[in-house]
Amino acid sequence: LHIHTWRSDGVGTLDYVYTYARDIMGLDFIGHGDHAQYMSDDDWEDIKALTRSMTEPGKFVAFPGFELSHNPRRLLPNGQFKTIVPYYGDKNVYYLNEDEAPIMRVTDRYRSYHARFRDIADQLRGLDAMIVPHIHAAGVMTYYDPELVWIIEAFSAHHFNIKRERNYEWLEGVTQGCLGAGWRVGLVGGSDNHNARASQDTYYPWQHEFRRDSLMAVLAPELTRESTWDAIRRRHVYA
């Protein structure tokens with residue numbers, strides 16, 4: 001889950017993302033995650049159509065989704081940031097299918113407006129949708145609803161440098177904090193891949209340090225959208 005393309009702040013096309021994941025890396029499923037504030041409504045329609053066409057039960061599953069960036073800071077002309085609202089961090093939204101899959105935005109690319117994340121989350125109720133908190137977004141995990149949040153990123157490959165051991169401690173601390181607060185969630189690996197090559201992540205192509213991506217496993221009886229989705233909802237997952 002959680003991969004970006006040129007539609008927001010990554011590189012590569014979504015069809016390349018899907019074919020590389022399926023044909024080169026042998027992944028069973030993938031979830032798109034471009035930032036909603038960078039995408040137009042037409043972009044979202046294109047993404048949904050391609051995601052639907054790439055899904056082939058028994059061979060490959062793709063879920064439509066986007067990253068819902070709740071940016072509480074506004075960039076000022078002097079290059080500094082001004083805090084606007086308490087930090088909710090970034091969340092990834094995924095849908096079971098494209099039929100009822102509205103794109104939602106809580107900020108624009110210039111961070112010039114914001115909205116209460118809970119109001120946005122309320123719009124997802126009644127839809128086949130899930131929210132996956134993005135552990136790297138420094139607001140930590142500030143939103144939990146068992147109806148919508150089934151899994152969290154226990155590890156994120158986003159800007160992660162294995163030479164900085166304190167990152168391990170920080171990631172573990174966030175995860176333990178969620179569990180200690182009573183969250184009943186599955187722990188998965190989050191990608192945040194920006195180079196269109198799922199499971200082969202350098203974050204951006206011009207970064208020289210190579211590292212393997214962070215992945216999630218799902219125990220499901222068959223490779224279909226419905227079966228995979230149900231297994232995630234039941235937290236039959238690991239990082």
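The values are calculated or read from the model by the stated rules, or taken from the named source; none is laboratory data. Please read all numbers here as calculations on a predicted model, not as lab measurements. Note that each Cβ is placed from the backbone with ideal geometry, even for glycine, and that neighbours are counted across all protein chains shown. Heads up: the accessible areas ignore ligands, DNA and RNA and are worked out on the full protein's heavy atoms, side chains in. Shrake-Rupley method; radii C 1.70, N 1.55, O 1.52, S 1.80 Å.
Computed over the alpha-carbon pairs of the stretch 1-82, the distance histogram in 10 Å steps reads 17, 46, 23, 10, 4, 0 percent, short to long. Summing charges over neighbours of D15, with a neighbour being any other residue whose Cβ is under 13 Å away from its Cβ, gives +1 when K and R count +1 and D and E count -1. Taking the Cβ-Cβ separation of E147 and E172 as r and a Förster radius of 22 Å, what is the calculated FRET efficiency to the nearest 0.05? My answer for the efficiency is 0.25. Ranked from largest to smallest solvent-accessible area, with a 1.4 Å probe on the protein heavy atoms, F63, F155 come out as F155, F63. Spin-label model, H236 to L179: label points 7 Å out along the Cα-to-beta-carbon direction sit 2.2 nm apart. Sorting D230, D192 by solvent-accessible area of protein heavy atoms yields D230, D192, largest first, with a 1.4 Å probe.
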